[in-house]
């Protein structure tokens, strides 16, 4: 029996940050992961692989240069599945190497195997060789993430009907692809492969998609992906998915059929908790295998057991999971730390990118907040001209009462990088005046903030104190 101050189950972003934080506090900490390589879903099948794949697609296809050189332009004429994997494997190897180095440097113990609670403070770890180890700890952190949802009525075959994990092991690029589920994962892969000139059909049973994103952005995004070749099918349920040998046949509730060489099923994920023996620890999950926690401390219903990352549900981001893991470790080890910021960015690495921070226009309306909108299109910036950008916009929402920035919405090239400027201003309680008063590098896409700020500023009432101060300056000059 070995005892630890903190045992972490799962080595994704939340588990990783919690382990490093505990190590820096010189506590005895152990990380357990079922894989033989650490990093969790984020490194091996989720965030890092999908974003690496996106960058490879955009580079090899010459996508960013086509507005100058035409739609037929290619950096590499014939792009195969192996071309996509070379960069992917190099990136993953680097990520794992950095992670293992961080664990070693911070004296974090590691163990490969499946962890299972056999009591509130006891776990048993089974390795692939069949050996078992029993361990105890004062505190636990569950950071097992999620796994793909695989309904029984979908005939997965690992070849033409696959989930998002299997999608990364493609042996060849299909000529046509049907993607079921217009959530973040489905949208990202659908738009990536459309950039490779694969004929893509994106199917979503609901009448809308990405409902947490500002509708202005979704309208712009929908226009762009359709222009890029994505056939978007909304509002009809799927009756049947069939492996027809040479193709996959999808029968829709409205009577229409979709035929494709391959089908990616990306409709939802489940918390990876089914093998944890949570009953023995006194814990229960919801219908999707997720744990409920106190969102300030990340404690579960059993106070000495914490949970963080995708296993606790929304927002299910690697970035927020990293923060959650650190905060959970600090609370578990009774070390004070700063509270998390209320405003965090959300990034969708589709083609084009989407990133938001704060409220959408629909949220502002629902809350009854008087507001003004500022909009800038990337084609209005000189940097946009240089880059050949024909699309993309930045939208900001300002309170008419306080003039503060309450929402930033961006769609287009570099959106996930640009959003941090708006995030910083929001968290520092900045106003529209910041964008009017300050100079931005020229030419840059960040200049869109200046344009959007002025767009709103010119329609907003001038504060009385501003009028008075200006009046004093003018009277002083006259003397």
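Each value in this text was obtained by applying a stated rule to the coordinates, not by laboratory testing. Keep in mind that what you see is a predicted model, and the values were worked out from it rather than measured. FYI the Cβ positions are ideal-geometry reconstructions off the backbone, even for glycines, and counts take in every protein chain you see.
Observations on the structure shown:
- For the range 145-191 versus the range 218-238, the inter-centroid distance based on Cα atoms is 18 Å.
- Among 398, 103, sorting on how many other beta-carbon atoms sit within 10 Å of each Cβ, with the fewest leading, yields 103, 398.
- Tensor-based shape of the range 147-281 (alpha-carbon gyration tensor, a/c under 1.5 rounded, otherwise prolate or oblate): oblate
- Each peptide in 424-430, 449-455, 298-304 was scored by the mean count of other Cβ atoms within 10 Å over its residues; highest first, the order is 449-455, 298-304, 424-430.
- Extension gain (nm, one decimal) between residue 76 and residue 284, 0.36 nm per residue minus Cα-Cα: 69.8 nm
- Ordering 242, 464 by the number of other Cβ atoms within 10 Å of each residue's own Cβ, fewest first, gives 464, 242.
- Counting only DSSP beta bridges whose two residues both lie in the range 161-267, roughly 35 percent are antiparallel.
- Highest mean first, the peptides 46-54, 289-297 sorted by other C-beta atoms within 10 Å per residue fall in the order 46-54, 289-297.
- Taking the centroid of alpha carbons for each part, the range 1-43 and the range 241-320 are 22 Å apart.
- Kirkwood-type radius of the chain, with distances r between different C-alpha atoms, in Å: 24.6 Å
- Packing rank of 249-255, 318-324, where each peptide gets the mean count of other beta carbons within 10 Å, highest leading: 318-324, 249-255
- Only beta bridges with both residues in the chain are counted; by DSSP, about 55 percent of them are antiparallel.
- Taking the number of Cβ atoms within 10 Å of each Cβ as an exposure proxy, the fewest-first ranking of 260, 143 is 260, 143.
- Shape of the range 1-130, Cα gyration tensor, a/c cut at 1.5: prolate
- Whole-number D in µm²/s for the range 352-464 (Stokes-Einstein; Kirkwood sum over Cα pairs; 20 °C, 1.002 mPa s): 154 µm²/s
- Helical contribution to [θ] at 222 nm, DSSP H n ≥ 4, -39,500 (n - 2.57), averaged over the chain, rounded to 500: -10500 deg cm²/dmol
- Among beta bridges from DSSP that stay inside the range 1-118, the antiparallel ones total about 0%.
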